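The structure under discussion appears below in the form of structure tokens.
The values are calculated or read from the model by the stated rules, or taken from the named source; none is laboratory data. Every value quoted in this text rests on a predicted model; they were computed, and no experiment measured them. All Cβ positions, even for glycine, are placed from backbone atoms using ideal geometry, and neighbour counts span all protein chains on display. All accessible areas refer to the heavy atoms of the entire protein, side chains included, with ligands and DNA or RNA removed. Shrake-Rupley method; radii C 1.70, N 1.55, O 1.52, S 1.80 Å.
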Amino acid sequence: MPLMRSWVEAANAPDCDFPLNNLPCGSFRSEDGEPHCGVAIGDMILDVTRLEQDGLIQMEDEEEIFFYGDWTEFMSLGPAAWAAFRATVTEMLAEGAADAPGLVDYLVPMAGTEMMMPFTVAEYTDFYAGKHHATNVGTMFRGPENALPPNWLSIPVGYNGRASSVVVSGTDVRRPWGQLKAPDAELPVFAPCKRFDLELEMGAIVGVPSEGPVTVAEADEMIFGYVLLNDWSARDIQAWEYQPLGPFQSKATATTISPWIVPKAALEPFRCDTPARERPLLDYLKEPGPMLYDIALEVGLAPEGKAETVISRTNYREMYYSSAQQLAHHTTSGCPMSTGDMLGSGTISGPEKAQRGALLEITWGGKEPVTLDTGETRSFLEDGDTLTLRGAALGDGYRVGFGACTGKVLPALDDPYKR
Ligand code: MN
């Protein structure tokens, strides 16, 4: 598919994240201080909440669905409503649109506008579906013979995370305290995390709710769109707490998402297959078609007040399980899924060292520190570091981008229990 041209000139630049082909959904703080729903186009945001108030957009049979500046209710309407909305906005913003002059007043410059959480996170589940990541981490934690657990090639392994600590890009993240136990120590201590890390992931956002088991094809239909996701991870807390029930406090400090939900419709031209299987999947996990996406990803790390270094470049197509497979597996027990459920893909690492999506892997547990362009080295994150995830599906002369997913590490409190 070629670039679709818009009368918003910036949207036609080949390096712009938000051409007419994209139309991602976000929430921004409007001039009146309230959150409004917006669609990104070029360097502007189309104020959907105001368009609805003025009667220029109306979802069938729905009154003021965008009033609260949150996309959750819209996402619950399902694929037909999503397509109708997308067609309306595409027509409004296309080059040559008759009503363009009247719409200029509904555009807000992106620069200087505060982005807010675009939807209400119902629940958050995180997976472990990257084979390179699982192999690397397993090798470090359990040795090369036991790198992949016996279930890994059959099950999209996951755990139930916390919806309450999901934050939007730009939110500072404070280094947590927790139980740490050095390998040679007999007992744990309560102290600030020393091995604070990122995980480069994609988040799939469920629009249509379900009750009871769904197929992979049905699961794909339920997904509204995707965000970039940084699953902040306290590796020293994780190493001590994770057996036998998996991560708990090590993953509960914060999970940052990019502010724009890229609709699945915008990613259609970029679908690709999951890799060949070395063990056949059970029937309910088999994909009827390509369910992954070709999305180039990168991670930048900037020390306080200094220039950024890109520490990883990889691609979402490296995953072993798609989000649709993960969602289908999530329902096998009869577990109901809700509008606003978010599924983290698991860390996305490629086969090469420069393609690893976590410092744990890049520095091999801190043993091989990475050198930044500033000359400094990092084993894990330091206070004042700003991390930025970026991602885009690359088309012919255009890109479908996600915008930046950033967060800065604040120093740990002196002692969270000293009051
Ligand atoms: Mn994770």
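When residues in segment 100-116 are screened for being assigned to a loop (DSSP other than H, G, I, E, B) and either within 15 Å of the ligand (Cβ to nearest atom) or in contact (Cβ under 8 Å) with a residue 40 or more places away in the chain (or both), 4 of them pass. Here K286 fulfils each of the conditions (1) at pLDDT 95 or above; (2) within 28 Å of R142 (Cβ to Cβ) apart from (2). Pairs linking a residue in segment 209-231 that is assigned to a helix (DSSP H, G or I) to a residue that is polar (S, T, N, Q), with Cβ atoms under 6 Å and 6 or more positions apart or on different chains, are V216/Q325. Of the numbered criteria (1) open to solvent by 40 Å² or more (accessible area, probe 1.4 Å); (2) in contact with a strand residue (DSSP E or B) (Cβ under 6 Å, 6 or more places away or on another chain); (3) not small (G, A, S), the one I155 fails is (2). For F119, are the conditions met, namely being away from the ligand (no atom under 16 Å from the Cβ) and not in a strand (DSSP E or B)? Considered against the rule, which asks whether it is away from the ligand (no atom under 16 Å from the Cβ) and not in a strand (DSSP E or B), F119 comes out as yes. Of all residues in segment 333-375, those that are open to solvent by 10 Å² or more (accessible area, probe 1.4 Å) and away from the ligand (no atom under 16 Å from the Cβ) total 22.
Summed over segment 179-209, the residues that are surrounded by fewer than 22 Cβ atoms within 10 Å (Cβ to Cβ) and within 30 Å of K264 (Cα to Cα) give a count of 2. A count restricted to segment 292-332 and to residues that are within 27 Å of A265 (Cβ to Cβ) and either open to solvent by 10 Å² or more (accessible area, probe 1.4 Å) or in contact with a Phe, Trp or Tyr (Cβ under 6 Å, 6 or more places away or on another chain) (or both) stands at 14. Restricting the first member to segment 244-258 and to residues that are modelled with pLDDT of 95 or more, and the second to residues that are assigned to a loop (DSSP other than H, G, I, E, B) and open to solvent by 100 Å² or more (accessible area, probe 1.4 Å), the beta-carbon pairs closer than 6 Å and six or more apart or on different chains are A252/R162. Quick check on segment 12-28. Is at least one of its residues over 27 Å from the mean Cα position of the chain (by Cα) and either open to solvent by 20 Å² or more (accessible area, probe 1.4 Å) or modelled with pLDDT of 95 or more (or both)? Looking for residues that are over 27 Å from the mean Cα position of the chain (by Cα) and either open to solvent by 20 Å² or more (accessible area, probe 1.4 Å) or modelled with pLDDT of 95 or more (or both), one finds none in segment 12-28, hence no.
Inside segment 41-77, can you point out the residues that are surrounded by fewer than 17 Cβ atoms within 10 Å (Cβ to Cβ) and either among the polar types (S, T, N, Q) or touching a Phe, Trp or Tyr at 6+ places or on another chain (Cβ under 9 Å) (or both)? Show your work before the answer.
Looking only at segment 41-77, we keep the residues that are surrounded by fewer than 17 Cβ atoms within 10 Å (Cβ to Cβ), and these are 53-56, 58, 60-64, 67-68.
The answer is Q53, D54, L56, Q58, E62.
Against the list (1) open to solvent by 50 Å² or more (accessible area, probe 1.4 Å); (2) more than 19 Å from G225 (Cβ to Cβ), the condition A94 fails is (1).
Working carefully through the options V167, V189, find the one that is more than 16 Å from the ligand (Cβ to nearest atom) and among the β-branched types (V, I, T). Don't jump to the end; show me each part of the working.
On the way: V167 fails: more than 16 Å from the ligand (Cβ to nearest atom).
None of the others qualify; the one that does is V189.
Of everything in segment 244-269 that is touching a Lys or Arg at 6+ places or on another chain (Cβ under 9 Å) and not in a loop (DSSP other than H, G, I, E, B), the residue that is most open to solvent (accessible area, probe 1.4 Å) is A265.
Would you point out which residue out of F18, F28 is part of a loop (DSSP other than H, G, I, E, B) and either of a type in the set (F, W, Y) or in the same structural domain as A404 (by TED's automatic domain parsing) (or both)?
Values: F28 fails: part of a loop (DSSP other than H, G, I, E, B).
Exactly one residue qualifies, and that residue is F18.
Evaluate the following for G212: is it surrounded by 16 or more Cβ atoms within 10 Å (Cβ to Cβ) and either away from the ligand (no atom under 16 Å from the Cβ) or closer than 29 Å to P351 by Cα (or both)? No.
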